[in-house]
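Nothing in this text is a laboratory measurement; each read-out follows from the coordinates by a stated rule. Note that the structure is a prediction, hence the values are computed from the model and not measured. All Cβ positions, glycine included, derive from the backbone under ideal geometry; neighbour counts span all protein chains shown.
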Amino acid sequence: MLPGSAAPAAGSGMFVPTQTVGTVLCCICGVAMQPNPANMCARCIRGRVDITEGVPRHAAVVYCPDCTSYLQPPRSWLRAGPESPELMQILLRRLNRPLARLRVSLSGAEFVFSEPHSKRLRLKLRLRREVLNAVVLEQTHPVEFTVHDRLCDACARAQSNPDQWVAVVQLRQHVPHRRTFLYLEQLLLKHGQASLALRVAAAPGGLDFFFGSRSHAARLVDFLATVAPVQTQTAKQLVSHDTKSNVYNYKHTFSVEICPICREDLIALSPQVSRDLGGLGPIVLCIKVTNAIALLDPLTLRVHHLEEKKYRVYNFKAALTSKQLVEYIVLDIEHESPEITIDGSRYQLAYAQVARVSDFGKNDTMFTVRTHLGHLLNPGDLALGYDLYGANLNDDDMDTAMMRHSLPEVILVKKSFAKRPRTRRWKLKRLPMEEDGGNKAKGELEKRADEYEEFLRDLEHNSDIRFQIDLYKDEDYRSEMASTIGDDVPTVPIEELIEDLSLGDDEEEEGEEGNAHADMVG
């Protein structure tokens, strides 16, 4: 076999020569290289052709410091974080036209670090263009953007006049307490649905959310429809009209009414409603309120979920609310059936012998009732329930139910515990809310403080409610501040708490600014 030749192909008997890549000399510097249409090496081509010629090295971008958004000409404002893909897209759009004019393609881009206070954004681009007889050349190119601060239209209106709103969401519920709004407040904080509101004002029977855009208000209404049974009505009022440009300016109003049925309410169903729900009731308890109402028959453990549209057809009211709960003491308990789980909650039918706490030392009145709390109650425990024996009811459906059925004298609702101390290892965040003069009546502050304390106790007793909201560790809590309470009193496990993040500037430690720190206090 001759040197430089390849072996014959197997089974073919043919000679296949070895293919070698030839080299030529650069016509400028004489360096050996692979041949190309220009007959020039890459160094000589870069020395004679600059593909970045005409590509801008400096540009400007407009930034709104209030809402952290950037101007996308001519009038759009887009929100983008530092060195985010959204910010990269905004900056590259400023260079698309020069690159297209020069027939330069962009093969890559990346951020170059710059000090946050320098008001500069730096990019390193990798550009590619065809030069000298179909030779493709790639080259890096730095671009520096100068950041100019300017308020966007919405922030400018809010700065000049906070009352210059475009849309308002009027959230109302006709009940004698504010527990629903306390719960919705935590949901709004967790999901950030009220962050775009110009301001939040407390109103008689509810809250008002003011927005600078109708779309922001509509998004809040859509969120409320997913967490509560609501009925929405809309209206608009003409503010101004430009006849030349045919532009109309309106103020939009969203009236959102929450269903008046709340958790732990006692409801008497009419015969027609009871038949439509499959013979449920006639006495039922509301055990959960989401975008549907969960009704429990405490005597049979049947549960029915009623949607908001179906509720508007029946439109029944609560016969007794949580404000009318009476405290009982359990004298004896006898279980009737094994414990079962319905919709994630445990129940057990039992017969309980109870007596009103207020009757102790006055009479010997006792009641033997059927309850769904057999898995929780033991002799000697306290429980809260509705006193049908001595209650003064003004409900036609309840009167009909008492005439047609043999109703129990007491409906137990939940187990009662000793009053907790005011100090807790956890806390809740609150919305910045404006109070109006109508809510400053005598005793109103004390009433709201009691309702908030009752809401905190509900969070400690009900893990299903805690799962939906965020509870934060209280940095000011000390274990010696809490008084001694019973071991059976429910508390919030420390594993369910999250750390509260606080931002601050530390100028004494190596000149670092804006250090984020989170302290864990158990």
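For the stretch 1-142, what are the per-bin percents of Cα-Cα distances with bins 5 Å wide, up to the bin holding the maximum?
2, 8, 13, 13, 11, 9, 8, 7, 7, 6, 5, 4, 3, 2, 2, 0, 0
Using only alpha carbon positions, build the gyration tensor of the stretch 163-258, then give the equivalent ellipsoid semi-axes as the square roots of 5 times its eigenvalues, largest first, whole angstrom.
Square roots of five times the eigenvalues give 27, 13, 12 Å.
So how much slack lies between ARG75 and ILE342, counting 0.36 nm per residue of separation and subtracting their Cα-Cα distance, in nm?
Values: separation 267, 0.36 × 267 = 96.12 nm, distance 5.38 nm.
Gain on stretching ARG75 to ILE342: 90.7 nm.
Starting from the Cα-Cα distance between ARG122 and LEU102, subtract it from 0.36 nm times their residue separation and give me the gain in nm to one decimal.
5.1 nm
Scan the chain and report its longest stretch carrying no chymotrypsin sites (Phe, Trp or Tyr not before Pro) that are both in a DSSP loop and have at most 11 other Cβ atoms within 10 Å.
Longest site-free region, per DSSP loop and neighbour criteria: 114-359.
For q values of 0.10 Å⁻¹, compute log₁₀ I(q)/I(0) with the Debye formula on a Cα-only model of the chain, without solvent.
The computed values of log10 I(q)/I(0) come out as -0.98.
Considering only the other residues whose Cβ falls under 15 Å of the Cβ of VAL410, what net charge follows from Lys and Arg at +1 and Asp and Glu at -1?
For residues surrounding VAL410, the net value is -3.
Once you wrap a convex hull around the alpha carbon atoms of the stretch 265-415, what is its projected area averaged over all directions, in nm²?
In nm², the orientation-averaged hull projection of the stretch 265-415 is 9.1.
Relative to the present Cα-Cα distance, how much length would full extension add between TYR452 and SER160 at 0.36 nm per residue of separation?
Full extension from TYR452 to SER160 adds 101.6 nm.
Apply 1/(1 + (r/R0)^6) to the Cβ-Cβ distance of ARG430 and VAL131, taking R0 = 60 Å, and write down the FRET efficiency to the nearest 0.05.
On the way: r = 64 Å, r/R0 = 1.07.
For ARG430 and VAL131, the calculated efficiency is 0.40.
Tally Lys/Arg at +1 and Asp/Glu at -1 over every other residue whose Cβ is under 9 Å from the Cβ of GLN353; what's the total?
Value of the local net charge: -2.
Report, in listed order, any pair from LYS414/LYS447; LYS236/LYS429; LYS309/LYS447; LYS323/LYS419 with a Cα-Cα distance greater than 25 Å.
With Cα atoms farther than 25 Å apart: LYS236/LYS429; LYS309/LYS447.
Starting from the Cα of LYS427, draw a straight line to each of the lysines and keep only those under 17 Å, dropping any in the same chain fewer than 8 residues away.
Qualifying lysines at Cα under 17 Å: LYS190, LYS473.
THR400 versus ARG43, label points 7 Å from Cα toward the beta carbon: distance in nm?
It works out to 9.9 nm between the two label points.
Once you list every other residue whose beta carbon is under 10 Å from the beta carbon of TYR328, what net charge do they have if Lys and Arg are +1 and Asp and Glu are -1?
Counting the neighbours of TYR328, the net charge comes to -3.
Specify which residue in the list ALA292, SER274, TYR250 is farthest towards the positive end of the charge dipole of the stretch 242-328, using unit charges on the beta carbon of Lys, Arg (+1) and Asp, Glu (-1), about the Cα centre.
Working it through, the farthest residue towards the positive pole turns out to be TYR250.
DSSP loop (so not H, G, I, E, B), at most 11 other Cβ within 10 Å: list which trypsin sites (Lys or Arg not before Pro) in the stretch 19-74 pass both filters. The partial results should precede the final answer.
Numbers: sites: ARG43, ARG46, ARG48, ARG57; in loops: ARG57.
Answer in residue order: ARG57.
Pop the C-beta distance of LYS362 and ILE498 into the FRET formula with R0 = 45 Å and round what comes out to the nearest 0.05.
0.40
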